[in-house]
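Visitor: I have a structure here, written as C-alpha cells, and I will follow up with some questions on it.
The values are calculated or read from the model by the stated rules, or taken from the named source; none is laboratory data. Here the structure is a predicted model, which means the values were calculated and not measured. Ideal geometry is used to build each Cβ from the backbone, glycine not excepted, and the neighbour counts take in all protein chains shown. Side chains included, ligands, DNA and RNA excluded: accessible areas come from the protein's heavy atoms. Shrake-Rupley method; radii C 1.70, N 1.55, O 1.52, S 1.80 Å.
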Amino acid sequence: RALYGRERAIRSYSVSDAAASALMTRTRLAGEFYMSHIDMGDRVAIFGVKRLLMLGPQGQELLVLKYKHIDSTEIRRIRLADGSMGYGVIIILNTPRRNGSEIEVINCKEESLGKEIVSNLDMGIRMISSEMEIQ
C-alpha cells in the first residue's frame, strides 16, 4: 500500500500508485516519501516530496529535479520531435544545471498531461517552501 507525502496519508488503494511507490525505491528517490506519479505512455514521472524523477521506456533516468531549484513553470504549445504538435512543460530553474542550462522542458502529447505535471510540481514547490519557512 502506498503512503503519500510526509504525513504518510493513506488514500484509497491504487495498484498503479503502489507499483510507482515500489519502483521509486529502486531509483535515486529511494528513501524519499512518495507523493504521486503520472504515466505518460513512453515515460513515467514520479513525484517524491523533494524531487521529480522522469523514467524512460526501459526505466532509465531521464531527468531528476529538486523542487527547491525550480523558479517557475508554464505550459506552451510546441512542435514535438516527430513533427506533430504537442505541449511543453517549461521549467525555469533558479539554479543553473551543471551543463549551464537554466530551463528544462518535458514534452507531452496532451495538454491535460502537462497541466497535471505542473500541478504536481507546484504542490512539491509549496511543500518545500512551507518546510523552509518552518526552519
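Visitor: What is the dipole size for region 15-58, taken about its Cα centre, with +1 at each Lys and Arg Cβ and -1 at each Asp and Glu Cβ, in debye to the nearest 20?
Guide: 200
Visitor: May I pose another question? Provide the gained length on full extension for the span A30 to A18, in nm with one decimal, where the gain is 0.36 nm per separating residue minus the Cα-Cα distance.
Guide: So the extension gain works out to 2.9 nm.
Visitor: Taking a quarter of the surface of the Cα convex hull of region 75-135, what do you get in nm²?
Guide: 5.1
Visitor: Further question: Please enumerate, by chain and number, the aspartates and glutamates with C-alpha under 16 Å from the C-alpha of K50, excluding those fewer than 8 residues away in the same chain.
Guide: Those aspartates and glutamates meeting the cut-off are E7, E32, D71, D122, E131, E133.
Visitor: OK, next. Once the other residues with Cβ under 14 Å from the Cβ of H69 are scored (Lys, Arg +1; Asp, Glu -1), what is the net sum?
Guide: In short, +3.
Visitor: A follow-up question, please. How much of the accessible area of region 62-135, in percent, comes from carbon and sulfur atoms when a 1.4 Å probe is used?
Guide: Heavy-atom surface of region 62-135 belonging to carbon and sulfur, 1.4 Å probe: 48 percent.
Visitor: Expressed as cubic angstrom per residue, what is the convex hull volume of the alpha carbon set of the chain?
Guide: Dividing the Cα hull volume of the chain by its residue count gives 121 Å³.
Visitor: For R51, what charge total do you get from the other residues with a beta carbon under 13 Å from its beta carbon, if Lys and Arg give +1 and Asp and Glu give -1?
Guide: Computed value for this residue: +1.
Visitor: Compute the accessible area per residue over region 54-135, keeping the other protein chains in place, probe 1.4 Å, unit Å².
Guide: It amounts to 62 Å² per residue over region 54-135.
Visitor: For the chain, what does -39500 (n - 2.57) per DSSP helix run (n ≥ 4), summed and divided by total residues, give at 222 nm, in deg cm²/dmol to the nearest 500?
Guide: Result for the chain: -8500 deg cm²/dmol, rounded to the nearest 500.
Visitor: While we're on this one: Using a Gaussian network for the chain with springs between C-alpha atoms less than 10 Å apart, which of these wobbles most: A20, A45, A81?
Guide: In the Gaussian network model the winner is A81.
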